[in-house]
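A.B. asks: What follows is a single structure, and I will ask about it in a moment.
The values are calculated or read from the model by the stated rules, or taken from the named source; none is laboratory data. Just so you know, these numbers come straight off a predicted model, no measurement behind them. All Cβ positions, even for glycine, are placed from backbone atoms using ideal geometry, and neighbour counts span all protein chains on display.
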Amino acid sequence: MVEGVLPQYVLRDLVSTTGDLAALPTTVVRLLDLLKDQTCAADKVAHVLDQDGAMTANVLKLSNSAFYGVRGTVGTTRQALVLLGNRAVLTLAFATGMVPVMRRNLTGYGIDRDRYWQHALSSAMTAGVVMSDLGAPERSCEAFTAGLVHDIGMLALDSHLATNGMKLVPAFPLFNVNERERETLGFDHTDAGALLAENWGFPAPLAAAIRYHHRPWAVPHDKDLVLAVMVGDMVAQMADDHLQPEAWPEELDYLAPWGIDADHLRQLVDSVTLAPEETLARATRPAGLPCQPSTPVSIS
Ligand SMILES: [Fe+2]
Ligand SMILES: [Fe+2]
């Protein structure tokens, strides 16, 4: 055993006592309940948003960005629901609600808040596109959400690293970060993320995507969602860290039966080199709405 490696049983305590990570904002908890509800009724989404003025303002601001092609016409939550669709508004709301939880410096990893958030958004965007390519466009918002939160385990582990004055070396890029976590701590961010997802009451498919995104071959069901998130993670690293697909030989072999090869991954990189706000809008935009570039608005 490497000196300092923690026994597995410590992980549960570590994840459940990570300060302000222990609880999610109330509105996000309510949105999680809606994410589990396949019907995703408009009145339920509106009811949750009506109770959070700041979130509603952010959702309306994003809805009015020209990325959706409805600039200046969305004045109320109801209009957003009609024009963009219930699932897109729910995804936008969840993403904006997760900003204060996720956009933070990971000092134990040496990653600043914008870099971590950009990785989450790039992964989310690609996961949404891949899910569409796999023939399930109705699940692209779900894949976007899974891609957004796939590395939340790093938030829990960072608290532990920072509290104990530890740093993962080398801190960046994220490539093979889970191996370095295992060497240092005895477990990795997929273990921690799955526990955090359980504590937070995430929908089961989301929790599975978090647990298996570095080993999708092990997931017992719903392989498409985990695969979409794995590809999202790889493409985000290609876009942000200039890695080539050949860095993941095992994953490339696994992806071959789905018709996803190195060239396909390189093409996907082009779709994530966008402003974060455009990334979010493009991934949640319902089919049929034009997507036009505009002055970015900020998600905060
Ligand atoms: Fe990861
Ligand atoms: Fe990742």
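A.B. asks: Pairs please, first residue from the range 221-239 and more than 14 Å from GLU142 (Cβ to Cβ), second anywhere and near ligand 2 (Cβ under 9 Å from one of its atoms) and at pLDDT 95 or above, Cβ atoms under 7 Å, 6+ apart in sequence or on different chains.
C.D. replies: Matching pairs, first to second residue: MET230/HIS213; ASP233/HIS150; ASP233/HIS213.
A.B. asks: Okay, next question. Among the numbered conditions (1) of a type in the set (A, V, I, L, M); (2) within 14 Å of ligand 2 (Cβ to nearest atom); (3) more than 18 Å from GLU250 (Cα to Cα); (4) more than 16 Å from the chain's Cα centre (by Cα), tell me where VAL177 comes up short.
C.D. replies: Among (1) of a type in the set (A, V, I, L, M); (2) within 14 Å of ligand 2 (Cβ to nearest atom); (3) more than 18 Å from GLU250 (Cα to Cα); (4) more than 16 Å from the chain's Cα centre (by Cα), VAL177 violates only (3).
A.B. asks: Let me ask something else. Looking at (1) closer than 16 Å to ASP112 by Cα; (2) crowded, with 21+ Cβ neighbours inside 10 Å; (3) of a type outside the set (Lys, Arg); (4) in contact with a Ser or Thr (Cβ under 6 Å, 6 or more places away or on another chain), can you tell me which one GLY147 breaks?
C.D. replies: That leaves (1) as the condition not met.
A.B. asks: Do the conditions hold for ARG113, that is, is it touching a Phe, Trp or Tyr at 6+ places or on another chain (Cβ under 9 Å), within 16 Å of ligand 2 (Cβ to nearest atom) and either at pLDDT below 90 or within 29 Å of VAL269 (Cβ to Cβ) (or both)?
C.D. replies: The answer is no for ARG113.
A.B. asks: On the basis of being more than 16 Å from ligand 1 (Cβ to nearest atom), more than 24 Å from SER271 (Cα to Cα), modelled with pLDDT under 85 and in contact with a helix residue (DSSP H, G or I) (Cβ under 9 Å, 6 or more places away or on another chain), does VAL169 make the cut?
C.D. replies: So VAL169 fits the description; yes.
A.B. asks: In addition: Have a look at ASP240, ASP233, ASP222, ASP261 and point out the one that is in contact with a Pro (Cβ under 6 Å, 6 or more places away or on another chain) and either of a type in the set (Asp, Glu) or over 30 Å from LYS36 (Cα atoms) (or both).
C.D. replies: Only one candidate qualifies: ASP222.
Conditions tested, residue by residue: (1) closer than 19 Å to GLU250 by Cα; (2) more than 12 Å from ligand 1 (Cβ to nearest atom); (3) touching a Leu at 6+ places or on another chain (Cβ under 7 Å); (4) at pLDDT 95 or above.
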| residue | (1), (2), (3), (4) |
| --- | --- |
| ASP158 | no, yes, yes, no |
| ALA162 | no, yes, no, no |
| GLY193 | no, no, no, no |
| GLY201 | no, yes, yes, no |
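A.B. asks: Does any residue of the range 90-108 turn out to be more than 16 Å from ligand 2 (Cβ to nearest atom), farther than 30 Å from PHE187 by Cα, outside any helix (DSSP H, G or I) and within 20 Å of the chain's Cα centre (by Cα)?
C.D. replies: no
A.B. asks: Output the number of residues of the range 134-150 satisfying the condition of being free of Cβ contacts under 8 Å to residues at least 60 places away in the same chain and either within 14 Å of ligand 1 (Cβ to nearest atom) or in a helix (DSSP H, G or I) (or both).
C.D. replies: Residues meeting the conditions: 2.
A.B. asks: Next question. Please verify whether VAL82 is among the β-branched types (Val, Ile, Thr) and at pLDDT below 90, treating the condition exactly as stated.
C.D. replies: When the stated conditions are applied, VAL82 passes them.
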